[in-house]
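Asker: The structure under discussion is supplied below as structure tokens; questions concerning it will follow.
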Amino acid sequence: MSVASPSPSAGADPDASDAPSDAIPGLAGRRFLIISAPFGSYSRKLAAVLRANGAVVRRMIFNAGDLLDWGGRDAVKFRRGGEAWPHALPGLAERYTDLVLFGEAGIYNQTVIEQANRLKASVWVIENGYFRPHWVTMERNGVNARSTLPRSAEGYPAPAPREPPFQPAGTILPHHVWNLARYHTVQVAGSVLYPRYVRPYTRHAIAQAAGHAWRYLKLRIASPRDTDTGVIAGRGPFFIACLQREGDTTLLRYSDYATNTAFLERVVEDFARTAPAEARLVVKNHPLDPGLVNYSAVVRRLGRRHGVEGRIDFIDGGNLAELCRASRGMIVNNSTAALSAVGFGTPVKVLGEAFFDFEGLTDQKPLSDFWRSPAPPDHDLYIRFREHVLHRTQINGSYHNPAMQEATARRMAMAFAGGWDRAQVQ
């Protein structure tokens, strides 16, 4: 991965420490502006690594939550309205060699992506991993449907590179829920300081924070039998439909079904009309859903409407690997859960636009035909696909597990410097 050449006038951060013995070449003199970052302290950990190797690092502050996560040092505060951001970005970007943003959601990130080809700075988009939980994603100018990864089998030739070594990511969910809840709470409490901030999500921040906390507690006390694969399979052969996180960019921008409810209406209607009479449908909630929509009630309502109430279930949790292996197939609305399913040899039907939706990996037939003759993926193609994607876009690590943040930041810094293979060595 190439990077933009550092500006001749870009000097090293005067506060950066002397280069350590394990310095990362290619970062000295670079000037990084973090537009957005994962909730929590990860952006500070990344900045520390970059500064230790001679780079300048600053972060945009659009709201009080950003300020909480970053602190006051090298903060670039933006209190103007969202309509002013597209006009302000080009002049701001001229001062930096690299722009970093987390995901594509919201006007601030979308503006950077839309202007990426006109900016002198390199635009890096980091995101949750395509292959979770042990990997995070980093690509140039966009991820998911905007990824520059090939969209056909020919783009993943043999021999495939060997899978990089990796460390297990460890426990992520409780750290993520805590980081998200505190961020949203402080963002709302401090809105008087940033009254013109434009939220990137469709539901109120406090509702999301409370919803995540409450859902996490409910999952902790839920009966394992509710999501046990053996119990589910004992009711009859089944397909699994995986929900996406409500408000996700992959729904809003890259799908004809912008909400989970719209997706479910399409899937349940087609299931009732064309699926074999013995087949069942299991709807699995997204692991990071904030719990603000009662999808169990939605599924029951749709089941009654289409006459399949006794053949459809909703589950919150469950072992995805076991469910994939036991199912006849999976239907997703761009969710990368599909990649796990393909890895287990499970047929997958994608609704929406996804970089992995092509012949050989996913079923290209209409959904109405998928129920009766789901086509399994080409295992050899999947192995080649996975290894190429890991080497081109994935970094072993976690944004949220404190035990892995520093190692993740160092590997990401190596990738910024162009040493992608070095970034994947423990």
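Asker: When the residues of region 126-153 are filtered to those that are small (Gly, Ala, Ser) and within 12 Å of the chain's Cα centre (by Cα), which remaining residue is modelled with the lowest pLDDT?
Answerer: Within region 126-153, the first condition is being small (Gly, Ala, Ser), and the residues that meet it are 129, 142, 145, 147, 152-153.
Within this subset, residues satisfying the condition of being within 12 Å of the chain's Cα centre (by Cα) are 129, 142, 145.
On the way: 129: 93, 142: 93, 145: 89.
Checked region 126-153; the qualifying residue modelled with the lowest pLDDT is 145.
Asker: Looking at (1) crowded, with 17+ Cβ neighbours inside 10 Å; (2) among the hydrophobic types (A, V, I, L, M, F, W, C); (3) in a loop (DSSP other than H, G, I, E, B), which is the only condition residue 193 fails?
Answerer: Every listed condition holds for residue 193 apart from (1).
Asker: Condition test on residue 329, is it surrounded by 22 or more Cβ atoms within 10 Å (Cβ to Cβ) and small (Gly, Ala, Ser)? Break it down stepwise before answering.
Answerer: Numbers: surrounded by 22 or more Cβ atoms within 10 Å (Cβ to Cβ): yes; small (Gly, Ala, Ser): yes.
Taking the combined requirement at face value, the residue satisfies it.
Asker: Separate question: Scan region 358-373 for residues that are among the polar types (S, T, N, Q) and not in a helix (DSSP H, G or I) and jot them down.
Answerer: At the first step, the residues of region 358-373 found to be among the polar types (S, T, N, Q) are 362, 364, 368, 373.
Correct list: 362, 364, 373.
Yes/no per residue for (1) in a loop (DSSP other than H, G, I, E, B); (2) modelled with pLDDT under 95; (3) surrounded by fewer than 18 Cβ atoms within 10 Å (Cβ to Cβ):
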site: 335; (1), (2), (3): yes, yes, no
site: 356; (1), (2), (3): yes, no, no
site: 391; (1), (2), (3): no, yes, yes
site: 399; (1), (2), (3): yes, no, no
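Asker: Further question: Within region 83-97, can you find the residues that are surrounded by 17 or more Cβ atoms within 10 Å (Cβ to Cβ) and over 26 Å from the mean Cα position of the chain (by Cα)? Steps first, please.
Answerer: Going through region 83-97, the residues surrounded by 17 or more Cβ atoms within 10 Å (Cβ to Cβ) turn out to be 85, 89, 92-93, 96-97.
Answer for region 83-97, where residues must be surrounded by 17 or more Cβ atoms within 10 Å (Cβ to Cβ) and over 26 Å from the mean Cα position of the chain (by Cα): just 92.
Asker: In addition: What residue, of 7, 17, 21, 36, is within 26 Å of residue 89 (Cβ to Cβ) and either assigned to a helix (DSSP H, G or I) or at pLDDT below 95 (or both)? Spell out the reasoning first.
Answerer: Values: 17 fails: within 26 Å of residue 89 (Cβ to Cβ); 21 fails: within 26 Å of residue 89 (Cβ to Cβ); 36 fails: either assigned to a helix (DSSP H, G or I) or at pLDDT below 95 (or both).
Of 7, 17, 21, 36, the one residue that is within 26 Å of residue 89 (Cβ to Cβ) and either assigned to a helix (DSSP H, G or I) or at pLDDT below 95 (or both) is 7.
Asker: Do you know which of the residues in region 103-125 that are within 21 Å of residue 50 (Cβ to Cβ) and free of Cβ contacts under 8 Å to residues at least 40 places away in the same chain is farthest from the chain's Cα centre (by Cα)?
Answerer: 119
Asker: Mind telling me which of the residues 361, 367, 381 ends up being at pLDDT 95 or above, under 21 Å from the mean Cα position of the chain (by Cα) and among the aliphatic types (A, V, I, L, M)? Give the steps one after another, and end with the answer.
Answerer: Working: 367 fails: under 21 Å from the mean Cα position of the chain (by Cα); 381 fails: under 21 Å from the mean Cα position of the chain (by Cα).
Answer to the check: 361.
Asker: I've got another one for you. What do you reckon, is residue 100 over 24 Å from the mean Cα position of the chain (by Cα), in the same structural domain as residue 120 (by TED's automatic domain parsing) and in a strand (DSSP E or B)? Steps first, please.
Answerer: Details: over 24 Å from the mean Cα position of the chain (by Cα): no; in the same structural domain as residue 120 (by TED's automatic domain parsing): yes; in a strand (DSSP E or B): yes.
Here the answer is no, as residue 100 does not meet what is asked.
Asker: Oh, and also: With 183, 156 as the choices, which residue is touching a residue at least 60 places away in the same chain (Cβ under 8 Å) and within 19 Å of the chain's Cα centre (by Cα)?
Answerer: The unique qualifying residue is 183.
Asker: Does residue 406 meet the test of being acidic (Asp, Glu), touching a Ser or Thr at 6+ places or on another chain (Cβ under 9 Å) and in contact (Cβ under 8 Å) with a residue 60 or more places away in the chain? Can you show your working first?
Answerer: Working: acidic (Asp, Glu): yes; touching a Ser or Thr at 6+ places or on another chain (Cβ under 9 Å): no; in contact (Cβ under 8 Å) with a residue 60 or more places away in the chain: yes.
Considered against the rule, which asks whether it is acidic (Asp, Glu), touching a Ser or Thr at 6+ places or on another chain (Cβ under 9 Å) and in contact (Cβ under 8 Å) with a residue 60 or more places away in the chain, residue 406 comes out as no.
Asker: Now, a different point. Take residue 353 and decide whether it is closer than 29 Å to residue 175 by Cβ and of a type in the set (D, E, K, R). Steps first, please.
Answerer: Details: closer than 29 Å to residue 175 by Cβ: no; of a type in the set (D, E, K, R): yes.
No, not satisfied.
Asker: Would you confirm, using the coordinates I've provided, whether residue 31 is of a type in the set (Lys, Arg) and at pLDDT 95 or above?
Answerer: Values: of a type in the set (Lys, Arg): yes; at pLDDT 95 or above: yes.
Judged against the criteria, residue 31 is a match.
Asker: Further question: Please indicate, with yes or no, whether at least one residue in region 237-247 is assigned by TED's automatic domain parsing to the domain that holds residue 316, farther than 23 Å from residue 132 by Cα and either of a type in the set (S, T, N, Q) or exposed (fewer than 15 other Cβ atoms within 10 Å of the Cβ) (or both). Let's see the steps before the verdict.
Answerer: Of region 237-247, the ones assigned by TED's automatic domain parsing to the domain that holds residue 316 are 237-247.
Narrowing further to those that are farther than 23 Å from residue 132 by Cα: 237-238.
Among the residues that remain, those that are also either of a type in the set (S, T, N, Q) or exposed (fewer than 15 other Cβ atoms within 10 Å of the Cβ) (or both) are: 237.
There is at least one residue in region 237-247 that is assigned by TED's automatic domain parsing to the domain that holds residue 316, farther than 23 Å from residue 132 by Cα and either of a type in the set (S, T, N, Q) or exposed (fewer than 15 other Cβ atoms within 10 Å of the Cβ) (or both).
Asker: For region 337-354, name all the residues that are part of a loop (DSSP other than H, G, I, E, B) and either assigned by TED's automatic domain parsing to the domain that holds residue 151 or in contact (Cβ under 8 Å) with a residue 60 or more places away in the chain (or both). Before you say what the answer is, go through the steps one by one.
Answerer: Restricting attention to region 337-354, the residues satisfying the condition of being part of a loop (DSSP other than H, G, I, E, B) are 344-347, 351-354.
Scanning region 337-354 gives 351, 352, 353, 354.
Asker: Continuing with the same structure: For the condition of a type in the set (A, V, I, L, M, F, W, C) and either in a loop (DSSP other than H, G, I, E, B) or touching a residue at least 24 places away in the same chain (Cβ under 8 Å) (or both), what is the one hit in 321, 258, 297?
Answerer: Details: 321 fails: either in a loop (DSSP other than H, G, I, E, B) or touching a residue at least 24 places away in the same chain (Cβ under 8 Å) (or both); 297 fails: either in a loop (DSSP other than H, G, I, E, B) or touching a residue at least 24 places away in the same chain (Cβ under 8 Å) (or both).
Of the residues listed, the single one that is of a type in the set (A, V, I, L, M, F, W, C) and either in a loop (DSSP other than H, G, I, E, B) or touching a residue at least 24 places away in the same chain (Cβ under 8 Å) (or both) is 258.
The values are calculated or read from the model by the stated rules, or taken from the named source; none is laboratory data. None of these values were measured; they are calculated from a predicted model. Ideal geometry is used to build each Cβ from the backbone, glycine not excepted, and the neighbour counts take in all protein chains shown.
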